[in-house]
Amino acid sequence: IARRSILGDIAMASTDDKPEDFEISATLLEEVVERGEAVLSYDATVDSRFSGAQSLILQGVKAIVCVPIHVNATVEFLLYLDSINRGVFTEQDLEVLETFAIYAGMALENLALIRRVKEDAETRSNLERLMSPNLVDKVVSGELEVAKGGQEDDITVLFLDIRNFVGYTENKRPEAVITFLNELFELMVEVIFYHEGTLDKYIGDCIMAFWGAPIGVEDHAYKAVLAAKQMMDIANEYSASLEAAGEEPFKIGIGINTDWMVAGYVGATRT
């Protein structure tokens, strides 16, 4: 099996032992790739299609069969057989190879589709921790690009933190603190996403979120205020439920600011 990269003389062969380089006529490659059809020659030395193919003459190649493997309507691989003997390959051989090429192409398309679905699922899983579902859909579909760099825009930023967090947690076990933070943040982030905000980061007991980036959000300041009001209400209900269960209640504080800011993605390519 030869992988087509350029219309040149070198391709990779798959053998029982290990891959090795061998020569395929550029004339033959052009014939198969450009037409997208299989080639069968009983004797290449007298075949007018390969009259200028010096590499075939030098190698003493006589019989040739070459079948393209299409992947998404593009010739990506070639099935190639040759022999120094005339008339070795028949029309029946060609039919068998063409059938194999069809199934091989379908298998490669399915493999590429599975890989793409897996990559999309991983991308979606990572982004769903930071963005609302509508933004995630835009990124996965390619409508919105997530790349390093930033641009200035009118943005609203929200900070939420737990008041006196050190004092509140100093008598609690670490496992209990982690459980408390996860439960609270789960509730708060749902509110952020509901109001079309983007989660920027967790900073200890603090949540930072913003509206207006990476794509514009209409009335972003108003939506941030609505989110803050709902977050306060939900946090108070959660605190009351803890107190009713005999645990210490807590308070949160929220700050909001709207201004022209540079929003973007900072960090290494490998994350």
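The values are calculated or read from the model by the stated rules, or taken from the named source; none is laboratory data. Since this is a predicted model, take the numbers as computed values, not measurements. Here the Cβ positions follow ideal geometry from the backbone for every residue, glycine too, while neighbour counts run over all protein chains shown. With ligands, DNA and RNA removed, areas are computed over all heavy atoms of the protein, side chains included. Shrake-Rupley method; radii C 1.70, N 1.55, O 1.52, S 1.80 Å.
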Net charge over other residues, Cβ less than 15 angstrom from the Cβ of E237 (K, R count +1; D, E count -1)
-4
Would you work out if segment 175-271 is rounded, prolate or oblate? Take a ≥ b ≥ c from the square roots of the eigenvalues of the alpha-carbon gyration tensor; rounded if a/c is under 1.5, else prolate when a/b is larger than b/c, oblate otherwise.
oblate
Listed residues H70, H220 arranged by accessible area, highest first, probe 1.4 Å:
H70, H220
Mind grabbing the accessible area of T169 for me, 1.4 Å probe, Å², rounded to tens?
20 Å²
For I256, solvent-accessible area (1.4 Å; no DNA, RNA or ligand), Å²:
70 Å²
With the full set of protein chains in place, find how many percent of the accessible area of segment 170-239 is carbon and sulfur; take the probe as 1.4 Å.
57 percent
Pairwise centroid distance, computed over Cα atoms, of segment 198-240 with segment 66-127, Å:
50 Å
Hand me the tally of lysine pairs in segment 156-265: alpha carbons under 21 angstrom apart, and the pair either on different chains or 8 or more positions apart.
5
